[in-house]
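**Q** Starting off with a structure, shown below.
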Amino acid sequence: MEITFAQSERSTLGIEWEIALVEKTSGDLVSVAGEVLEELRQSDGSEHPQITGELLLNTVELVTKVHRSVPDAVADLLGMLDEVRAITDPLDVELMCAGSHPFAQWFDQQVTDNERYHRLVDRTQWWGRNMLIWGIHVHVGIESRAKVLPLLDGLLTYYPHLQALSASSPFWGGVNTGYASNRALMFQQLPTAGLPYQFASWEKYEEYVADMMTTGIIDDHTEVRWDIRPSPKWGTVEMRACDGLSTPQEIGAVAALIQCLVDQMSDRLDAGEELTTLQPWFVRENKWRAARYGLDAEIILNRAGDERLVTDDIRELLVTLAPTAERLGCSAELSQVNLILDRGASYQRQLRVAEQNGGSLQAVVSSLTHELRHGLSA
């Protein structure tokens, strides 16, 4: 089968941000997305073009337009966040974002009445119902289909950097899991989720999708839910590995890092260079280490198996990418990666709040809603 890869302007980007709806006093999740989306209908009765529902009724998703710069994309998200708040504030509903909710239980949640979601839950059963998780997806435009899979493979080398910076799901159903990102390991339980295969050509990717469709595993390529995947409809590479980011500053930082990585690697491909890629077993180990240890992970850097503390490699990477960031207009956002390193990733901040409040997970939710509303100060 042939999968057409859409025309896309190089290094443009779009961001999808999943937002949880929580009751202001208790901090527990509330299934009011239907009411929120109904209030957001346009004057002609149509649905909001950029604010949508998700698998569960405790979530709304904000989807940006296509932008050339990270600042513009973040501003787009914040404008939509204000639209949602205009509806949720009078309802005493707060907004938060993290890879997981600290104490909510999956069996209390309502699935959105959508045929696609019903099929997913019917097939995946317990694991599907357990997808009480939130993430952020960043699309980066790729101008040539020939670059898509090399860039995907190159991004896998930086998977642990992005996973560690965004890790925000240390708690699950009221339990401290001991992981920085429990979401990363939960989501990969779905049949087509997890790490992507490393294909040598677009034709091999097409063969894979054809095999999956022939055997009824998927209906179309959009149901391949890899952590990093081609998005042929939009002409992008889509980074889906990140936990939900708790503040606008973190969104800007991580999106800038992703955009700069893709653009810099695209330059290297244009120059005839080979990108650094890792054996699949090293990629898998790096994912586990970043999920388990977050910013304290010792990661594998290259095919020789050299290792380094992920934070040290991130700081060096910021220097390497600085010229790219200046050209793309996201230097300020890329520098905010240092804010995450200095203040701690969301999982670290959540653990600190719990410790400072006698283990109270309601206090953790309160801190997350405060951060989303007021930002992460220096």
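**Q** Using a Gaussian network model on the chain with a 10 Å cutoff between Cα atoms, which of T112, T324, T25 fluctuates the most?
**A** T25
**Q** Would you mind telling me which residue in Q356, Q42, Q163 has the biggest mean-square fluctuation in a Gaussian network model of the chain, where springs connect alpha carbons within a distance under 10 angstrom?
**A** So, out of Q356, Q42, Q163, the one fluctuating most is Q42.
**Q** Write down the accessible area per residue of the chain in Å², having rolled a 1.4 Å probe over the full set of protein chains.
**A** Here the per-residue accessible area is 41 Å².
**Q** For Cα pairs less than 8 Å apart in space and 6+ apart in sequence, what is the mean separation divided by the residue count of the chain, i.e. the relative contact order in percent?
**A** For the chain, the relative contact order is 22 percent.
**Q** Running a GNM on the chain with Cα contacts under 10 Å, which residue among R240, R225, R123 ends up with the highest mean-square fluctuation?
**A** Evaluated over the chain, the most mobile residue of the options is R123.
**Q** K24: which aspartates and glutamates have alpha carbons under 16 Å from its alpha carbon, excluding same-chain residues fewer than 8 sequence positions away?
**A** Within the straight-line cut-off, K24 pairs with D89, D92, E94, E371.
**Q** Moving on to the next point. Helix-only estimate, please: 222 nm mean residue ellipticity of the chain, summing -39500 (n - 2.57) across DSSP H runs of length 4 or more and dividing by its residues, to the nearest 500.
**A** Helices in the chain give a 222 nm mean residue ellipticity of -14500 deg cm²/dmol.
**Q** Follow-up. Using +1 on the beta carbon of Lys and Arg, -1 on that of Asp and Glu, and nothing else charged, what's the dipole of the chain about the Cα centre, debye to 20?
**A** 740 debye
**Q** With a 1.4 Å probe and every protein chain kept in, tell me what percent of the accessible surface of the chain is carbon plus sulfur.
**A** 48 percent
**Q** If only Cα atoms are counted, what is the Rg of the chain, and what is its Dmax, in Å?
**A** 19.7, 60
**Q** Past the 28 Å Cα-Cα mark, which pairs from K204/K233; K65/K204; K65/K287?
**A** Beyond 28 Å: K65/K204; K65/K287.
The values are calculated or read from the model by the stated rules, or taken from the named source; none is laboratory data. Just so we're clear, the structure is a prediction, and the values are computed from it rather than from any experiment. Backbone-built Cβ (ideal geometry, glycine too); neighbour counts: all protein chains shown. Heads up: the accessible areas ignore ligands, DNA and RNA and are worked out on the full protein's heavy atoms, side chains in. Shrake-Rupley method; radii C 1.70, N 1.55, O 1.52, S 1.80 Å.
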